[in-house]
Amino acid sequence: MRPSTDHPVDEPGWGPLARYVIAATLARTSDGGAVVAIVLMVNTSGGSGWLAGALGACITAPHLLGPFVARSLDTARDSRTVIAAASLAHGTTLAAAVLLYPHTHPAVTAVLLTISGLFGPLLTGGISSRLPAIAGPSQRRQRRAQGWDVATYGISGTVGPTLVAAVSAWASPATAALTLAAGCYIAAAVIRFLPYAPAPGKTADVPRPLRTLTGILASGPLRRTLYLTVTVAFSVAALPVTAVSSTHTLGVSAAAAGILTAAYGLGNLAGSAGVMIRPSHTEADRLTTHLAATVAATLLLITLTPSFPLAVTAYAAAGIANAYFFAATLAARNEYAPDNARGQIFVWVGALKITAGSAGTAAAGALISTSAALPLLLAVALTIASTLLSLAERRHNRRYNAPCGPASPHTQPENGRPHPTGPTDRIHDCSNRG
């Protein structure tokens, strides 16, 4: 077989999307399961809990630096090469860290895992930035494809840890980590068979990482997408901690917490299926705001459930709501991002989302001893506050920009890609107000 030709495909069939789903699931399974494999490896070898946590953090913490290596997505002649190389590098450094751990100082393993973690953002937001070229110019096709993208995250987040646990029990944690590394190699090969998309422009026209972040904050729709994404990620990260703590008040054993988290995961997959079957036509900026409020409502529902069966239902509802919200944020990143910084914007939002999720888990762990409901009540308050801020911003922009002239050129289709129209896009007209 030969890689796809170097010509963009206007109306691709299901083949390119199927290859995308395979590549994204394999790469993200490795990224999501690596922490579990490392922690198990250290624990089974007699290492301390502190060392296991520190080495696990070496994989996750570098995600925050992802935007500083993501510029290559927007400058490379063929971004498939960049993502495939990142997948190979992630798998190779992970395998090297595992193989060398019993024979070297832990600092060597830490360095290798840190390098592996640096490539993680290119396997999450970086791969997602390829989706518009695969889905085609139709908004419906793009949003349906974004439902598949959400599903890859849900599948990998479930399959990764499960695969590691199963292989670790059957063989060893090191074997589990090497299995994840092998998945990266397969993903790299599949990525090379995705449709080609040309570079958006000259390298000199591609902004630097900090300038890209400034551009996100200056754009109303992208700014709102960013702080809503961060807030919701912080909020739903409290669910696993709350699930364990709430089993006592629900009158079930602690092991039942696994059922609650499984219900959330299944709900997430069901939500992504809903996006695939019936994608929304609502403007992405408005959609993210409404769905963030829906997530807050489901989190509040969890705190109010008096029985375990109702709690299972509430966790599933939270998973469904978060899947729809995640798909909406992917749509917003695609539809409002300028062509010459789309890859970086996907990675920036993804990196800050992962960081917020880690902070949310840590905050929930610190607050749970005070009250089992406190972490989720804080999450609800933060999410509602962000939603109200988003609504206020959009209302202010409508009033402030109403006298401005005709809609910006940015609302017109560009290179066959639809841009949403509406008051929020008038930020491009009146000196970038709002």
Hey, PRO198 hits all of (1) outside any helix (DSSP H, G or I); (2) surrounded by fewer than 21 Cβ atoms within 10 Å (Cβ to Cβ); (3) within 23 Å of the chain's Cα centre (by Cα) but one; which does it fall short on? (3)
Name the residue, out of ALA57, ALA84, ALA52, that is out of contact with any Pro (no Cβ under 9 Å at 6 or more places or on another chain), free of Cβ contacts under 8 Å to residues at least 24 places away in the same chain and surrounded by 18 or more Cβ atoms within 10 Å (Cβ to Cβ). ALA52
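Would you check if there is a residue in segment 298-307 being under 27 Å from LYS202 (Cα atoms) and part of a helix (DSSP H, G or I)? Explain how you work it out, then say what you get.
Of the residues in segment 298-307, the ones under 27 Å from LYS202 (Cα atoms) are none.
Scanning segment 298-307 turns up no residue that is under 27 Å from LYS202 (Cα atoms) and part of a helix (DSSP H, G or I).
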Residues of segment 201-237 satisfying the condition of being among the charged types (D, E, K, R) and part of a helix (DSSP H, G or I): ASP205, ARG211, ARG223, ARG224
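Being assigned to a helix (DSSP H, G or I) and either assigned by TED's automatic domain parsing to the domain that holds ALA323 or without any contact (Cβ under 8 Å) to a residue 12 or more places away in the chain (or both) narrows it down to one residue among ALA181, ALA169; which is it? If you could, list the steps in order and put the result at the bottom.
Values: ALA181 fails: either assigned by TED's automatic domain parsing to the domain that holds ALA323 or without any contact (Cβ under 8 Å) to a residue 12 or more places away in the chain (or both).
Exactly one residue qualifies, and that residue is ALA169.
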Output the number of the condition that LEU131 fails; it satisfies all remaining conditions of (1) out of contact with any Asp or Glu (no Cβ under 8 Å at 6 or more places or on another chain); (2) modelled with pLDDT under 90. (1)
Segment 325-361, subset among the hydroxyl-bearing types (Ser, Thr, Tyr) and crowded, with 24+ Cβ neighbours inside 10 Å, residue nearest to THR225 (Cα to Cα): THR329
Looking at (1) assigned to a helix (DSSP H, G or I); (2) without any contact (Cβ under 8 Å) to a residue 40 or more places away in the chain, which is the one condition that is false for THR288? (2)
Tell me, please, whether a residue that is in contact with a Leu (Cβ under 6 Å, 6 or more places away or on another chain), at pLDDT 90 or above and assigned to a helix (DSSP H, G or I) can be found in segment 326-345. yes
Could you list, ordered by first residue, the pairs with Cβ atoms under 9 Å in which the first is in segment 257-280 and in a loop (DSSP other than H, G, I, E, B) and the second is surrounded by 19 or more Cβ atoms within 10 Å (Cβ to Cβ) and of a type in the set (Phe, Trp, Tyr), at least 6 apart or interchain? SER280/TYR324
Single residue of segment 218-256 satisfying the filter (farther than 26 Å from TYR324 by Cα and β-branched (Val, Ile, Thr)) that is surrounded by the most Cβ atoms within 10 Å (Cβ to Cβ): THR247
Here is a list: THR370, THR361, THR355. Which entry is under 15 Å from PRO240 (Cα atoms) and either assigned by TED's automatic domain parsing to the domain that holds ILE216 or over 16 Å from the mean Cα position of the chain (by Cα) (or both)? THR361
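Does ALA177 satisfy the condition of being surrounded by 21 or more Cβ atoms within 10 Å (Cβ to Cβ) and among the aliphatic types (A, V, I, L, M)? Working first, answer last.
Values: surrounded by 21 or more Cβ atoms within 10 Å (Cβ to Cβ): yes; among the aliphatic types (A, V, I, L, M): yes.
For ALA177, the condition - surrounded by 21 or more Cβ atoms within 10 Å (Cβ to Cβ) and among the aliphatic types (A, V, I, L, M) - is met.
Quick check on segment 259-266. Is at least one of its residues crowded, with 20+ Cβ neighbours inside 10 Å, closer than 25 Å to SER156 by Cα, at pLDDT below 95 and of a type in the set (Ser, Thr, Tyr)? Show your work before the answer.
Taking segment 259-266 and keeping what is crowded, with 20+ Cβ neighbours inside 10 Å, we get 260, 263-264.
Narrowing the set further to residues that are closer than 25 Å to SER156 by Cα leaves 260, 263-264.
Still in the running and at pLDDT below 95: 260, 263-264.
This time we only want the ones that are of a type in the set (Ser, Thr, Tyr), so: 264.
So far as segment 259-266 goes, yes, one or more of its residues are crowded, with 20+ Cβ neighbours inside 10 Å, closer than 25 Å to SER156 by Cα, at pLDDT below 95 and of a type in the set (Ser, Thr, Tyr).
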Test: ILE127 is touching a Lys or Arg at 6+ places or on another chain (Cβ under 7 Å), crowded, with 23+ Cβ neighbours inside 10 Å, among the β-branched types (Val, Ile, Thr) and under 21 Å from ARG80 (Cβ atoms): no
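Got a sec? Which of VAL164, VAL190, VAL150 is more than 19 Å from the chain's Cα centre (by Cα) and crowded, with 23+ Cβ neighbours inside 10 Å?
On the way: VAL190 fails: crowded, with 23+ Cβ neighbours inside 10 Å; VAL150 fails: more than 19 Å from the chain's Cα centre (by Cα).
The unique qualifying residue is VAL164.
The values are calculated or read from the model by the stated rules, or taken from the named source; none is laboratory data. Please read these numbers as outputs of a predicted model, since none were measured by experiment. With ideal geometry, Cβ positions are generated from the backbone for all residues, glycine too; neighbour counts draw on all protein chains shown.
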